[in-house]
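What follows is a short report on a single structure.
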Amino acid sequence: MIAKLDLSGVLLGWYLDTDSVDEPKVTVTKEVWQQAIDINANKYVDGNFVFEDLRTDEQKAVDIREQRNWLLNESDWTQASDIPQTTKDAWATYRQSLRNVPQQETFPTSVTFPTKPAGE
């Protein structure tokens, strides 16, 4: 099996053993290929296939906000008029924490999403 790479080690594709794949390339065993597939490897670094998040910070920020918005939408029901106040309050705190995710110091490279209130 041949792994075709770009000059920075980004994995471009897998090929059966062939001389028609230009450099840079790496010949791998079936076991190494399977390990790379199992971890969704997308880069070859220091002799190992690894997964590296290749998104830009802007792309990460968009993705995180989309996830945050989905979680907010999923919890809209908790603020309805017929929901007990204790439940509303717990979920209101959670929802505010979701809104604060973009203000985390390490946003967008690393964020911690709040935990949903217990029992829900």
Hits among aspartates and glutamates - C-alpha to C-alpha of Lys30 under 14 Å, sequence gap 8 or more where chains match: Asp17, Asp38
Surface per residue (accessible, 1.4 Å probe) for segment 21-73, Å²: 71 Å²
Choice from Thr18, Thr106, Thr87 showing the highest fluctuation, given a GNM over the chain with Cα pairs closer than 10 Å: Thr18
Solvent-accessible heavy-atom area per residue, rounded to whole Å², over segment 78-118 at 1.4 Å: 63 Å²
Cleavage-rule hits (trypsin sites (Lys or Arg not before Pro)) in segment 44-120: DSSP loop, at most 16 neighbouring Cβ within 10 angstrom: Arg55
Qualifying chymotrypsin sites (Phe, Trp or Tyr not before Pro) in segment 1-97, DSSP loop, other Cβ atoms within 10 Å at most 14: Phe51
Carbon + sulfur, % of accessible area of the chain - ligands and nucleic acids excluded, 1.4 Å: 51 percent
Cross-link reach list, lysines versus Lys60, counting only Cα pairs under 27 Å and skipping chain neighbours closer than eight places: Lys4, Lys43, Lys116
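The values are calculated or read from the model by the stated rules, or taken from the named source; none is laboratory data. These numbers were taken from a predicted model, which means no experiment stands behind them. Glycine also receives a Cβ, built like all others from the backbone with ideal geometry; neighbour counts cover every protein chain displayed. These accessible areas exclude ligands, DNA and RNA; they are computed on the full protein's heavy atoms, side chains included. Shrake-Rupley method; radii C 1.70, N 1.55, O 1.52, S 1.80 Å.
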